[in-house]
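Chemist: First the structure, then my questions, so here it is.
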Amino acid sequence: MSRYTSTTPADLDAMLAAIGVGSLQELFDSQIPEAVRTRGPLALPGGRTEQDVYEHLRSLAARNTSAEDELSFLGAGMYDHYVPALIDMLTERSEFLTPYTPYQPEISQGGLQVMFEYQTAISELTGLPVSNASNYEGPSAVAAAGYLAKLHNGLDRFVVSAGLHPHSIETLRTYAHGYGMQVVEVPLSDGVTDPREWASAIHADGPAGTGTSAAIFAQPNFYGAVEDAAALSAAAKDRPAAAGVEGGHSANGAEGRPPVVICQVDPIALGVLRPPGACGVDVAVGEGQPLGNRLDFGGPSFGLFAAREEYLRRMPGRIAGETHDVEGRRGFVLTLQTREQHIRREKATSNICTSQALNAFAGVVYLSWLGRRGLVELAELLLARTHYARETLAAIEGVEKLHERPVVREFALRLQADVGAVRRRCIQEGVNPGVDLQRLTGRPEDRGGLLVAITERRSRADIDRLAAVLSAAMAAEREAAVAV
């Protein structure tokens with residue numbers, strides 16, 4: 001037996017004989033093109049002792065700055081929420097710690113019930129009847145929803161609001177390239193999706209077989225603004241009166257199927273906003289990290305995915321259902337799996353081959369811990385603190401609001417200074433003031449933009465400290481500009 005696998009030399013010989021080759025090298029030679037082979041030794045340093053490896057990794061970790069080390073107002077999709085000890089206690093239990101596909105329901109009732117309860121919570125949160133359990137993270141959930149739309153109506157265009165998270169737009173473009181589809185981006189007007197441009201892009205005429213497969217926006221959008229979700233949904237489905245635009249024939253109308261309306265949601269903001277299902281949205285997706293998952297330097301997290309029942313059989317991933325056994329006892333099963341390892345590849349709508357169930361489990365524990373009223377109280381607290389922060393920071397000389405639209409827990413400012421330089425000055429004082437918008441989006445119009453996020457971990461005193469540090473940084477930049 002080798003150090004890493006139980007395959008013996010006799011086993012290896014038997015397998016090679018069964019496929020008709022004499023050695024592993026012969027197998028590799030027949031499969032790997034000469035042009036991509038590495039003939040020389042890998043350029044790797046010599047091995048290290050366990051103690052040396054530990055010290056090396058510790059030195060690398062020390063280069064990081066966590067949300068525990070500075071006063072952080074970073075957001076843009078990942079947020080520094082408080083995670084109660086209850087979540088660690090439950091997720092570290094052995095029956096949940098290593099979840100994978102529960103192939104045998106008779107021995108997987110606990111895991112299946114977790115999936116079922118999670119789906120129920122997400123359905124209640126989004127106002128949509130069906131949820132899966134679950135996707136990798138927010139951006140890939142957006143792309144998966146786009147693929148669902150493509151399968152549903154067969155059209156060739158995704159129309160997306162520029163207020164969608166830039167990582168989601170980038171992921172959607174990557175997937176769309178493989179589908180042979182185009183992505184049309186609709187600009188913002190005063191911080192929100194321009195309703196006329198939105199309707200015009202969705203219903204643009206084109207040859208037969210072309211048209212908008214999906215119309216996708218975010219609520220709240222990437223710049224923190226609350227969108228008119230009902231109006232955007234109505235305009236996408238060719239009800240122009242609701243969107244404030246004149247009627248007209250659309251390519252989608254000719255094809256007989258309206259575009260699928262997809263909304264990327266912030267689950268915490270849904271504590272105070274109307275659920276997407278009540279606004280005419282067909283599919284709601286989102287990043288689950290705010291629900292009981294830590295920042296952890298970017299992951300892992302999980303993706304929310306809920307939809308109307310008509311899209312059930314095209315949803316990615318897995319759906320757990322409730323049933324009764326032959327003795328009438330309540331039980332749970334995997335009702336639907338559209339993954340390529342479970343059904344014919346050409347029929348599959350998903351190639352997700354690993355489970356995010358542990359992260360989703362943390363999400364449903366968090367929602368249960370908060371409760372219905374607790375989620376509303378949390379969102380209302382964020383509303384109040386965000387309003388205070390926005391007004392306080394906008395009163396600083398050289399700082400103004402990027403838009404005047406209502407916000408829930410995040411808002412954009414415009415600085416009359418180099419954002420990178422201002423951020424560096426703030427960070428030297430132990431305060432990370434937010435995200436440099438242009439650095440993240442790459443858009444010229446975002447020059448000078450700073451995106452500030454508030455969570456329940458940021459007190460009024462913390463906001464006052466941010467204001468003082470940001471004000472001093474802006475003053476220092478003005479003085480530096482005069483000196484030059």
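Throughout, read-outs are computed from the coordinates displayed, never taken from laboratory work. On a predicted model such as this, the values are computed, not experimentally measured, just so you know. Glycine gets a Cβ as well: all are built from the backbone with ideal geometry, and neighbour counts include every protein chain shown.
Chemist: Just how large is the dipole of the chain about the Cα centre, in debye to the nearest 20, putting +1 at every Lys and Arg Cβ and -1 at every Asp and Glu Cβ?
Modeler: Roughly 280 debye for the chain.
Chemist: Please work out the C-alpha center-to-center distance from region 389-435 to region 276-300 and express it in whole Å.
Modeler: 25 Å
Chemist: Now, a different point. Where does each of M181, M115 land when they are ranked from fewest to most other beta-carbon atoms within 10 angstrom?
Modeler: Lowest to highest Cβ neighbour count: M181, M115.
Chemist: Let me ask something else. Could you calculate the contour length gain from V326 to V53, that is, 0.36 nm times the residue separation minus the distance between their Cα atoms, to one decimal place in nm?
Modeler: Here the answer is 92.7 nm.
Chemist: Given points 7 Å out from each Cα along the Cα-Cβ axis, report the A85 to R443 separation in nanometres with one decimal.
Modeler: So the label points at A85 and R443 sit 4.4 nm apart.
Chemist: Would you mind calculating the gained length between S66 and M15 on full extension (0.36 nm times residue separation, minus the Cα-Cα distance), in nm to one decimal?
Modeler: That pair, S66 and M15, stretches by 13.4 nm at full extension.
Chemist: On to the next question. Using label points projected 7 Å from each Cα along Cα→Cβ, tell me how many nm separate D194 and E400, to one decimal.
Modeler: 2.0 nm
Chemist: Rounded, prolate or oblate for region 433-482? Axes are the square roots of the Cα gyration tensor eigenvalues, ordered a ≥ b ≥ c, and the cut-off for rounded is a/c under 1.5.
Modeler: Verdict is oblate for region 433-482.
Chemist: I've got another one for you. Tell me what the chain gives for mean residue ellipticity at 222 nm when only DSSP H runs of n ≥ 4 count, each as -39,500 (n - 2.57), the sum divided by the residue total, rounded to 500 deg cm²/dmol.
Modeler: The helix-only estimate for the chain comes to -12500 deg cm²/dmol at 222 nm.
Chemist: Among W198, W369, what is the fewest-to-most ranking by other Cβ atoms within 10 Å?
Modeler: In increasing order of surrounding Cβ atoms, one gets W369, W198.
Chemist: Can you give the FRET efficiency for T120 and A472, using 1/(1 + (r/R0)^6), R0 = 35 Å, r = Cβ-Cβ distance, to the nearest 0.05?
Modeler: Given R0 = 35 Å and the Cβ-Cβ separation, E is 0.10.
Chemist: What does the charge add up to near P139, with Lys and Arg as +1, Asp and Glu as -1, over the other residues with Cβ less than 12 Å from its Cβ?
Modeler: Summing Lys/Arg as +1 and Asp/Glu as -1 gives -2.
Chemist: State, as an integer percentage, the relative contact order of the chain based on alpha-carbon contacts under 8 Å between residues 6 or more apart.
Modeler: In percent, rounded to a whole number, it is 19.
Chemist: Another question, then. Place a point 7 Å from Cα of Q182 in the direction of its Cβ. Which residues in region 134-174 have their backbone N less than 11 Å from it?
Modeler: What the label zone holds, given the 11 Å backbone N cut-off, is 156-158.
Chemist: Among G211, A176, V272, which residue has its Cα furthest toward the positive end of the charge dipole of the chain, with +1 on Lys/Arg Cβ and -1 on Asp/Glu Cβ?
Modeler: So the residue we want is G211.
Chemist: So how do Y179, Y147 line up by other beta-carbon neighbours within 10 Å, fewest first?
Modeler: Ordered from fewest to most neighbouring Cβ atoms within 10 Å, Y179, Y147 come out as Y179, Y147.
Chemist: Name all residues of region 406-448 having a backbone nitrogen under 13 Å from the label point set 7 Å from the Cα of E170 along its Cα→Cβ direction, giving them as ranges.
Modeler: Output list for this probe position: 438-443.
Chemist: Here's a follow-up. Using modelled backbone amide H atoms (1.01 Å from N, in-plane), which distant-in-sequence or interchain residues come within less than 5 Å of L336's amide H?
Modeler: Answer set, sorted by chain and number: I319.
Chemist: Hey, of [x] 92, 55, 49; [y] 96, 68, 37; [z] 78, 65, 56, which did the structure itself give for Cα extents along the principal axes in Å when calculated?
Modeler: [z]
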